[in-house]
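The values are calculated or read from the model by the stated rules, or taken from the named source; none is laboratory data. All of these numbers come straight from a predicted model, not from anything done at the bench. FYI the Cβ positions are ideal-geometry reconstructions off the backbone, even for glycines, and counts take in every protein chain you see. Surface accessibility is based on the protein's heavy atoms, side chains included, excluding ligands, DNA and RNA. Shrake-Rupley method; radii C 1.70, N 1.55, O 1.52, S 1.80 Å.
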Amino acid sequence: NGKSLLMYLIFFALTPYACANALLAVLMLQIKKRLTGLGKGLSEKTVKLKRQFFIMQLLQTFLPMSILMVPFLIFVYGVLAQSALELATIPMSLVLWFCPILQV
């Protein structure tokens, strides 16, 4: 049923995904603010290490999210367009294979 799948998409996929991204953005801004706030009177090497630490945090957060975004968007497209996802499951499976946490 297309209508029940659309409700599933909205309440169990889009809403949690949007909330998680918003929460992530808020937390990353708070971390950046605290790291830059503590930078007064520190050596150049310490400031450089803090900047590298923040970049690593961004990479650890956004790489898995970007890997999971592809199958999620394929699913969203399939539900909104009410199309069959027969061939679309192949790239969805390949992308999910790259994320080790989902291989368990």
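At the residue level, residue 11 shows approximately 120 square angstrom of accessible surface with a 1.4 angstrom probe and all protein chains present.
Note on residue 61 and residue 84: with the Förster distance fixed at 41 Å, the Cβ-Cβ geometry gives a FRET efficiency of about 0.75. I need the calculated FRET efficiency for the pair residue 74 and residue 11, taking r as the beta carbon distance and R₀ as 22 Å, to the nearest 0.05. According to the calculation, E is roughly 0.70. Listed peptides 14-22, 61-69 appear in the order 61-69, 14-22 once ranked by packing, highest mean of other Cβ atoms within 10 Å at the front. Summed over the residues of the range 32-83 and divided among them, the accessible surface reaches 77 Å² per residue at a probe radius of 1.4 Å.
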